[in-house]
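These notes are about the structure you will find just below.
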Amino acid sequence: MSAASVNIRKAIKQASESLDQAQAIGQHPPGFTYVPPTHARALDLDATLVEGMRGAGKSFWWGSLVLAEHRSFIQNGFPEARLPDNVTVVQGFGTGSLNTAYPDAEQLIDLVDQFRPRSIWRAVIALHAGFQGGFSRLSTWAQRVQWVQTNSERFAQELDAADRRLESRSAKLLVLFDALDRLADDWQHIRPLAKGLLQVSLDMRSTRNIRCKVYVRPDMLEDEEIVSFPDYSKLNAAKASLRWQRADLYALLFQCLGNASVGSAEFRRLVFECMGVRAPRQPAAKTWVLPPTLRIDEDLQEALFEQLAGRAMGSSTKRGKPYTWLVNHLQDGRNQVSPRSFFAALKIAANEQYDDEDLAIGYRGIQRGVQEASTIRVTEIAEDYPWVKLIMQPLSGNLTVPCTTKEIEAIWKRERTLETLGSTLRRQGTSAKLPPQHLEQGNSGILIDLESLGMLNRLENKRIQMPDVYRVAFGLGRRGGVKALK
């Protein structure tokens, strides 16, 4: 294997590992940041709700936007994001290291038993907005929340004063919230806290210069106990989505490879060779920005990726081309792929080595990567929707797709799957986490729910297909497809 391929392989590993830990502040360099054209809206201060599937980048932005160096890189490298200069960005809740900027989950449990959820989040805003007077002398969250709850008129006055101070400096305050599923240990506590946060975030839109940005998974916005309050539709109407197209995923990969500590020089040479221009001289310390053409031109992207992974998934292109094959096999039923799944597959591919390959990554490594990415995605979906694991378990090793609905229903009937699911949900009662919405419709209702989650596709001949990103780890067979895991 050439030295260039070895170094680019190392760059792929570095990018994958760094982005996997990106929610921790400062764990990735600014050059590993990429803003897809469709994501510029998610950086807008007035986009209060930012929705994204698991691994779409919510925690990435929560951890990155608080850093001035990262914001500066975005402003210079991606001016279309229109990130303002004079903005103070702070964190109001998330999974970062212990700090005093917000109450952690343990503190929230105590607080929600004593105070209204909205008062808790108002206290967080008050701290970051620099409330003066008596509030500024309080040192514990219980004291702060108590003050907010018993001084509603004073709170409004202090909020207005803080807003005017920001106005006098032409400044903005942005408070970020992430990991709402970690607000508490059970949904009985999570739901009121999440609802209160969304209500307070809506309230802040009445100010001129104070905004909240809440990163949230789609399943939480489907929960009526969280979103059933007046004027939620206003938040939803301005919602931004972190949805990744194929070109966006490869642009992110290339942006990272061009700034890796090892292999970046070799990769940049490939970039300019593919584009047919000479590489410009650039100071070694300057962060590289992917040329605009490589962000959207899929033909050019594919030509560049061929230099890393070859042009075929085997001895010929009959089995597919790596550029399209990888993303196609990571897509769910709604044609969505997360950067987490994409980079998880690439990390495995970069760790697989075969003597007959002179490439940074090879097709066999990519196939193994898809298997690993499927395992990760199935774990995530089971965490978000625990009932999914229960109804998929009887199908594992007993079903090959595409198949008919009758084949699925016969297995469920034989194993009494829906009866087991129903009794499990009844035992859990109100603590059940996001149960299937159409359970009362029986087998057909469960299939509707699986389809809405992107786990199933209905083909033109009415047969059922399951995308590889779920099928492989759930242990369903498919003729000619990636081998299922056992």
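Would you mind calculating the gained length between R479 and A303 on full extension (0.36 nm times residue separation, minus the Cα-Cα distance), in nm to one decimal? Please list the in-between numbers first.
On the way: separation 176, 0.36 × 176 = 63.36 nm, distance 2.97 nm.
Difference between extended and current length: 60.4 nm.
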Inset, instruction - Would you please classify the overall shape of region 1-109 from the alpha carbon gyration tensor, given that a ≥ b ≥ c denote the square roots of the eigenvalues, rounded means a/c under 1.5, and beyond that prolate means a/b larger than b/c while oblate covers the rest? - result: oblate
Inset, instruction - Working with all protein chains in place, sort R479, R463 by solvent-accessible area computed with a 1.4 Å probe, largest first. - result: R479, R463
Legend entry - Heavy atoms of T317 accessible to a 1.4 Å probe, total area in Å² rounded to 10: 50 Å²
Legend entry - Base-10 log of normalised Debye intensity for the chain (one unit scatterer per alpha-carbon) at q = 0.05, 0.11, 0.13 Å⁻¹: -0.22, -1.00, -1.25
Inset, instruction - Please give the residues of region 440-479, grouped as numeric ranges, whose backbone N is less than 18 Å from a label point set 7 Å along the Cα-to-Cβ vector of S315. - result: none
Inset, instruction - Using Cα positions and a limit of under 18 Å, work out the lysines in reach of K347, with same-chain residues fewer than 8 apart set aside. - result: K10, K13
Legend entry - lysines whose Cα lies under 28 Å from that of K239, excluding same-chain neighbours fewer than 8 positions away: K58, K172, K195, K213, K433
Inset, instruction - Work out from phi, with θ = phi - 60° and the Karplus expression 6.51 cos²θ - 1.76 cosθ + 1.60, the ³J(HN,Hα) of each residue of region 79-85, listed in order in whole Hz, and give x for Gly and Pro. - result: x, 5, 6, 6, 6, x, 6
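Of the heavy-atom accessible surface of region 143-266 (probe 1.4 angstrom), what whole percent is carbon and sulfur?
Numbers: 2070 of 4830 Å².
C and S atoms contribute 43 percent here.
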Legend entry - Dipole magnitude of the chain, debye to nearest 20 (Cβ charges: Lys/Arg +1, Asp/Glu -1, about Cα centre): 480 debye
Inset, instruction - With unit charges on the beta carbon (Lys/Arg positive, Asp/Glu negative), name the residue among L390, I376, I411 whose Cα is farthest towards the positive pole of the charge dipole of region 371-418. - result: I411
Legend entry - DSSP-assigned coil residues among trypsin sites (Lys or Arg not before Pro) in region 147-192, each with at most 14 further Cβ atoms within 10 Å: R169
Legend entry - Relative contact order of region 116-167, pairs being alpha-carbon contacts under 8 Å that are 6 or more residues apart, as %: 44 percent
Inset, instruction - Name the helices (complete DSSP H segments) of the chain with a Cα length along the long axis of 20 Å or more and a Kyte-Doolittle mean of at least 0.0, or state none. - result: 187-204
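When a/c is below 1.5 the answer is rounded, else prolate if a/b is larger than b/c, else oblate, so apply that to region 307-400 with a ≥ b ≥ c taken from the square roots of the Cα gyration tensor eigenvalues. Walk me through the numbers before you get to the answer.
On the way: a/c = 2.20, a/b = 2.02, b/c = 1.09.
Cα axes put region 307-400 in the prolate bin.
What are the trypsin sites (Lys or Arg not before Pro) within region 340-426 that DSSP puts in a loop, where the Cβ has at most 15 other Cβ atoms within 10 Å?
Working: sites: R340, K347, R364, R368, R377, K389, K406, K413, R414, R416, R426; in loops: R416.
Here the trypsin sites (Lys or Arg not before Pro) that fit, given the DSSP loop and packing criteria, are R416.
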Inset, instruction - Report the label-to-label distance for A142 and T95 in nanometres (one decimal), using points 7 Å from each Cα along the Cα→Cβ vector. - result: 2.9 nm
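Give me the accessible area per residue for the chain, probe 1.4 Å, as a whole number in Å².
Values: 21740 Å² over 486 residues.
Averaged over the residues of the chain, the accessible area is 45 Å².
For the chain, what does -39500 (n - 2.57) per DSSP helix run (n ≥ 4), summed and divided by total residues, give at 222 nm, in deg cm²/dmol to the nearest 500? Can you show the working numbers first?
Numbers: 24 runs with 248 residues, N = 486.
Result for the chain: -15000 deg cm²/dmol, rounded to the nearest 500.
Restricting to the chain, what percent of DSSP beta bridges are antiparallel, rounded to 5? Mind dumping the intermediate values first?
Working: 3 of 21 bridges.
Restricted to the chain, the bridges split so that about 15 percent are antiparallel.
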Legend entry - Net lengthening on full extension, D231/R414 (0.36 nm per residue, minus Cα-Cα): 61.2 nm
Inset, instruction - Towards the positive end of the charge dipole of region 1-129, with charges on Cβ (+1 Lys, Arg; -1 Asp, Glu), say which of A4, V112, L43 has the farthest Cα. - result: A4
Inset, instruction - May I ask which residue of L447, V289, Q188 lies farthest towards the positive end of the charge dipole of the chain, with charges of +1 (Lys, Arg) and -1 (Asp, Glu) on Cβ and the Cα centre as origin? - result: V289
Inset, instruction - Assuming a ≥ b ≥ c are the square roots of the Cα gyration tensor eigenvalues, decide whether region 212-265 counts as rounded (a/c under 1.5), prolate (otherwise, with a/b larger than b/c) or oblate. - result: prolate
Legend entry - Stretchable slack from L439 to T424, in nm (0.36 nm times residue separation minus alpha-carbon distance): 4.1 nm
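The values are calculated or read from the model by the stated rules, or taken from the named source; none is laboratory data. On a predicted model such as this, the values are computed, not experimentally measured, just so you know. With ideal geometry, Cβ positions are generated from the backbone for all residues, glycine too; neighbour counts draw on all protein chains shown. Side chains are part of the model used for accessible areas, which takes the heavy atoms of the whole protein and leaves out ligands, DNA and RNA. Shrake-Rupley method; radii C 1.70, N 1.55, O 1.52, S 1.80 Å.
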